Amino acid sequence: MNAVVAISNQATTNIYGQITETASSGSGFIITENGYVVTNYHVAEGATKLTVILHNGTEYDAKLVGYDSANDVAVLKVDATGLPFVKLGKSDDLIVGDQVVAIGNPLGELTNSLTVGYVSAIERSIKTGGALINMIQADVAINSGNSGGPLFNMKGEVVGITTAKYSGTSGSGATIEGISFAIPVDDVAKKVNDLVNYGYITGAYLGVSVSDTDPTYAEYFGIPAGAYVREVTKGYCAYEAGIKAKDVIVELGGYKITSLNDLSQALDKFNPGDTIIVVVYRGGGAINIELTLDERPKMTNSDVTPAP
């Protein structure tokens, strides 16, 4: 609990020409004794001032080190040493029925609240902020202000970042309860490590702009589900290997691709310089293309996440 923090975000918005100061709250957790803090990107997004509040009430101004908006993760830094910090576990080891604990700052005022639940499902593709993100589903209670806080296993290890929940009523009028989501820590651990060590995210890169295959279009034309290539950037491996706009990427390095999210996760399994086979659907058939992955372009904390 001592390694869990509350985060205050002060931002400026322009509404019909009127400049307005806004404030929001979230949660986070300390990962190093010298003050690196992990949270959701949407907790820190647009901030003109970020404040991290420790369990004992001590407040620190925080700097946004960097982020990955596509995976809704950000790293902050406070100027302090000797801080308590969490241990990261393995979210891949979770199974349905495992007990988990969330600690956070619900409603922006109930600091260090603890709730307990069970893993309800794994590998849920949930849309947040317009992007599909792989999530752990649980019935642990979270509310506004919990975003960015840790989800612990029963060893006290962080296995997820609490991010979202379903609330309100369904289309049939049924009340929605006990459906919350957390980003698996294994999906973002490398990105967090890159942000701490380099200030930007490294990794394998294709040099393509892609989107999910439109289901209606795919069914009508008999195109398989995959990552639809909208544009190929000259100078990168996809272009040099012969991947073309309108190709559909259906496999990468042995991993089946049915969406943009699948493609991003598959790329995370490889390093720059690895030679792999990419299978694309083109002209009514599958084509195997061998290529050597490039290094992801350096992105600063003010940049958006690059395409794969």
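Summary of computed values
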read-out: Intensity falloff of the stretch 191-240 expressed as log10 I(q)/I(0), Debye formula with alpha-carbon point scatterers, at q = 0.13, 0.19, 0.29 Å⁻¹; value: -0.50, -0.76, -0.95
read-out: The chain - percent of accessible surface contributed by carbon and sulfur, probe 1.4 Å; value: 48 percent
read-out: In the stretch 143-277, lysine pairs closer than 26 Å at Cα, eight or more apart or cross-chain; value: 19
read-out: For LYS191, solvent-accessible area (1.4 Å; no DNA, RNA or ligand), Å²; value: 10 Å²
read-out: Residues in the stretch 239-262 reached by a label modelled at THR292 [backbone nitrogen below 16 Å; 7 Å Cα→Cβ]; value: 239-242
read-out: Global geometry of the stretch 1-150, whether rounded, prolate or oblate, following the gyration tensor of its Cα atoms and the 1.5 cut on a/c; value: oblate
read-out: Tensor-based shape of the stretch 135-238 (alpha-carbon gyration tensor, a/c under 1.5 rounded, otherwise prolate or oblate); value: oblate
read-out: Contact order normalised by residue count of the chain, Cα under 8 Å, 6+ apart, percent; value: 14 percent
read-out: Dipole of the chain, positive end: most advanced residue of SER211, ASN261, VAL192 [Cβ charges, Cα centre]; value: SER211
read-out: Anchor LYS77: aspartates and glutamates whose Cα lies under 13 Å away (excluding residues fewer than 8 positions away in-chain); value: GLU33, GLU59, ASP61
read-out: Residue-normalised accessible area of the stretch 185-280, given per residue in Å² at a 1.4 Å probe; value: 49 Å²
read-out: Rounded to the nearest 10 Å², the accessible area of ASP194 at probe 1.4 Å; value: 10 Å²
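The values are calculated or read from the model by the stated rules, or taken from the named source; none is laboratory data. Here the structure is a predicted model, which is why all the values come from computation and not from measurement. Heads up, the Cβs are rebuilt from the backbone with ideal geometry, glycines too, and the neighbour counts pull from every protein chain shown. With ligands, DNA and RNA removed, areas are computed over all heavy atoms of the protein, side chains included. Shrake-Rupley method; radii C 1.70, N 1.55, O 1.52, S 1.80 Å.
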